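The values are calculated or read from the model by the stated rules, or taken from the named source; none is laboratory data. For clarity, every value in this text was computed on a predicted model and none was experimentally measured. As a convention, Cβ positions derive from the backbone with ideal geometry for all residues, glycine included, and neighbour counts pool all protein chains shown.
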Amino acid sequence: MAASYISVPRDLTKVKSKVMFNLTKRQLICFSVAALFGVPSFFLIKQIASVSTAAIGMMVIMMPFFFLAMYEKNGQHLEVILGHLIEATFVRPRQRPYKTNNNYAALGRYKDAEEEIMEIVMYSYAMRPEKKAKGGDELDTLF
């Protein structure tokens, strides 16, 4: 009697559940969409060109769907990789300037803003006629 071995992968995150015909749900959907677009295009192209040209046209139309179904790199599918590529190439700027966060400069901006606020408060307090008439120093009670 011969021993029967079942290979068990070491990384179980790479195991995908198969639905039908040893294909995943993603592969079944992509292959179905490819057939939905490819087969009618074959018959449409066959009416105006030869059979071999129609077959090549059908393959060209179906190929992106096959890539969507099968291609995977580092656990990311093709549309995720293409999204990252488009974002890096077109959306984000090519050169990102290096900017440091200087805490001392932030404290200086805070101090300048605080002084400017105090000047505005002092000016608005000095311009009030009712405060001038009393003659009292009520600014200390505000702060």
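Every residue, every condition in (1) among the hydroxyl-bearing types (Ser, Thr, Tyr); (2) at negative phi; (3) touching a residue at least 60 places away in the same chain (Cβ under 8 Å), yes or no:
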{"residue": "46", "(1), (2), (3)": "no, yes, no"}
{"residue": "71", "(1), (2), (3)": "yes, yes, no"}
{"residue": "74", "(1), (2), (3)": "no, no, no"}
{"residue": "78", "(1), (2), (3)": "no, yes, no"}
{"residue": "92", "(1), (2), (3)": "no, yes, no"}
Only listed residue being farther than 30 Å from residue 30 by Cβ, surrounded by 10 or more Cβ atoms within 10 Å (Cβ to Cβ) and over 22 Å from the mean Cα position of the chain (by Cα), chosen from 127, 122: 122
Name, by its number, the condition in (1) modelled with pLDDT under 90; (2) loosely packed, with under 11 Cβ neighbours inside 10 Å; (3) within 30 Å of residue 31 (Cα to Cα) that does not hold for residue 70. (2)
Among the candidates 117, 81, 86, residue that is modelled with pLDDT of 90 or more, hydrophobic (A, V, I, L, M, F, W, C) and surrounded by 13 or more Cβ atoms within 10 Å (Cβ to Cβ): 81
Are any residues in the range 14-44 over 16 Å from residue 65 (Cβ atoms), surrounded by 12 or more Cβ atoms within 10 Å (Cβ to Cβ) and either modelled with pLDDT of 85 or more or more than 32 Å from the chain's Cα centre (by Cα) (or both), and if so, which ones? 44
